[in-house]
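Visitor: Can you read through this structure? Questions will come right after.
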Amino acid sequence: MVGWAIALHGGAGDIPIDLPDERRIPRENALRYCLDLGVSALKSGKPPLDVAELVVRELENHPDFNAGKGSVLTTQGTVEMEASIMDGKTKRCGAVSGLTTVLNPISLARLVMEKTPHIYLAFDAAEAFARAHGIETVESSHFITPQNIARLKQAKEFNRVQLDYTNPTTKEAENCGDSQIGTVGCVAVDSSGNLASATSTGGYVNKMVGRIGDTPVIGAGTYANHLCAVSATGKGEEIIRGTVARDVAALMEYKGLSLTEAAAYAVDQSGPRGTCGLVAVSANGEVAMPFNTTGMFRACAMEDGYTEIAIWPKN
């Protein structure tokens, strides 16, 4: 089986089965739109790296996902966005953290990959690099939405760092009702077996200023080589400890597991339930989207015509 494939996610977490329509439908529509965009790009012959960046940019621009425009707030009420991107064929990659004004962090991560001898730039230096290379920036207030101010207030009231989707208690529901869903990501493979992965996030609600999660850590939240491309989402500290994205590739390479087997094992070993989800594609055009959380906003399409847009486990 050889053909193009694409998968994307809008975060994993404790997503209640009775999620109200006004919160569910906009996210499902965004996934559908981004999936169609990625499929069209692959069909038109765009390289998987371009496709992954394109899709993640769109997800960053959607205020209902925790990346870019929808990024959640630190304990000081600021945004600190991070992203990474990786090309499977060359293993070239780029990553950024601590962004406060860059409109699309994923594109800055790609620029780090292509325009520097390095892989990772962060905080003021990354912002300066963006300005020097004409990357679009906005006032940091652009990212500070009323919804995320309410989410931060909720987290502070209950004195916690809010991990992914946190199902509010009745008292919390009176405050804001909806925590922010975690990371966004996209993986793609073309009909020649070229692979790429891209991931972007705003982090945790009420996180310490300066905290860096799994998203920009190559091998943890993002990885691609000649066998597969992976983008993870969930509790960043656990994903870093488990080097989850790299584990999928390693299990395929060293143990001979299929993509489905390797992805399922990596998620299962990532930590306690509620820890992790991922999307992955193989060089043969296979797709895997396992998670051990209540749900994961996800979508995929394959050259054979199969498509899926889902949140909770399939029956």
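Visitor: Within region 300-315, is even one residue at positive phi and modelled with pLDDT of 95 or more?
Guide: Yes.
Visitor: Just one of the numbered conditions (1) crowded, with 21+ Cβ neighbours inside 10 Å; (2) modelled with pLDDT of 95 or more; (3) under 22 Å from V217 (Cβ atoms) is not true of C34; which one?
Guide: Checking C34 against (1) crowded, with 21+ Cβ neighbours inside 10 Å; (2) modelled with pLDDT of 95 or more; (3) under 22 Å from V217 (Cβ atoms), the one that fails is (3).
Visitor: Of the numbered conditions (1) farther than 21 Å from Y306 by Cα; (2) within 18 Å of the chain's Cα centre (by Cα), L19 fails exactly one; give the number of that condition.
Guide: L19 satisfies every listed condition except (2).
Visitor: Considering only region 1-31, how many residues are farther than 20 Å from V56 by Cβ, open to solvent by 10 Å² or more (accessible area, probe 1.4 Å) and in contact with a Ser or Thr (Cβ under 6 Å, 6 or more places away or on another chain)?
Guide: So the count comes out to 1.
Visitor: For P272, which of the numbered conditions (1) surrounded by 20 or more Cβ atoms within 10 Å (Cβ to Cβ); (2) modelled with pLDDT under 95 fails to hold?
Guide: In the conditions (1) surrounded by 20 or more Cβ atoms within 10 Å (Cβ to Cβ); (2) modelled with pLDDT under 95, P272 misses (1) alone.
Visitor: Could you give me the residue pairs with C-beta distances under 8 Å whose first residue belongs to region 209-231 and is touching a residue at least 40 places away in the same chain (Cβ under 8 Å) and among the aromatic types (F, W, Y), whose second residue is part of a strand (DSSP E or B) and surrounded by 24 or more Cβ atoms within 10 Å (Cβ to Cβ) wherever it lies, and which are 6+ apart or on separate chains?
Guide: Partner pairs satisfying both residue conditions: Y223/M86; Y223/S197; Y223/A229; Y223/V230.
Visitor: Residues that are open to solvent by less than 40 Å² (accessible area, probe 1.4 Å) and over 22 Å from G210 (Cβ atoms): list the strands (runs of 3 or more DSSP E) wholly contained in region 38-142 that include at least 3 such residues.
Guide: Working: elements: 81-87, 93-99, 120-122.
Because the criterion is at least 3 residues that are open to solvent by less than 40 Å² (accessible area, probe 1.4 Å) and over 22 Å from G210 (Cβ atoms), the strands (runs of 3 or more DSSP E) in region 38-142 that meet it are 81-87.
Visitor: Need pairs with beta-carbon distance below 8 Å; first residue over 15 Å from F65 (Cα atoms) and within region 137-162, second of a type in the set (S, T, Y) and open to solvent by 70 Å² or more (accessible area, probe 1.4 Å); sequence gap 6+ or separate chains.
Guide: Pairs found: none.
Visitor: Oh, and also: So in region 275-315, with the set limited to residues that are farther than 25 Å from S40 by Cα and without any contact (Cβ under 8 Å) to a residue 24 or more places away in the chain, which one is most open to solvent (accessible area, probe 1.4 Å)?
Guide: Here the residue is N315.
Visitor: Return the total of residues in region 216-258 being among the hydrophobic types (A, V, I, L, M, F, W, C), surrounded by fewer than 24 Cβ atoms within 10 Å (Cβ to Cβ) and closer than 17 Å to N194 by Cα.
Guide: Here is the first cut: in region 216-258, the residues among the hydrophobic types (A, V, I, L, M, F, W, C) are 217-218, 220, 224, 227-230, 232, 239-240, 244-245, 248-252, 257.
Right, trim to surrounded by fewer than 24 Cβ atoms within 10 Å (Cβ to Cβ) and you get 218, 227, 240, 250-252, 257.
Pick out the ones that are also closer than 17 Å to N194 by Cα and you get 227, 252.
Residues that pass the stated criteria total 2.
Visitor: Another question, then. Filtering region 21-44 down to residues that are in contact (Cβ under 8 Å) with a residue 60 or more places away in the chain and out of contact with any strand residue (DSSP E or B) (no Cβ under 8 Å at 6 or more places or on another chain), which residue is nearest to S141 (Cα to Cα)? Step through it out loud before you land on a result.
Guide: Taking region 21-44 as the starting set, the residues that turn out to be in contact (Cβ under 8 Å) with a residue 60 or more places away in the chain are 23-24, 27-28, 31-32, 34-35, 38-39, 42.
So of that shortlist, the ones also out of contact with any strand residue (DSSP E or B) (no Cβ under 8 Å at 6 or more places or on another chain) come out as 23-24.
Values: R23: 23, R24: 26 Å.
If we take residues in region 21-44 being in contact (Cβ under 8 Å) with a residue 60 or more places away in the chain and out of contact with any strand residue (DSSP E or B) (no Cβ under 8 Å at 6 or more places or on another chain), then R23 is nearest to S141 (Cα to Cα).
The values are calculated or read from the model by the stated rules, or taken from the named source; none is laboratory data. What you see is a predicted model, and the numbers here were worked out from it, not measured in a lab. All Cβ positions, even for glycine, are placed from backbone atoms using ideal geometry, and neighbour counts span all protein chains on display. Only protein heavy atoms, including side chains, enter the accessible area calculation; ligands, DNA and RNA are left aside. Shrake-Rupley method; radii C 1.70, N 1.55, O 1.52, S 1.80 Å.
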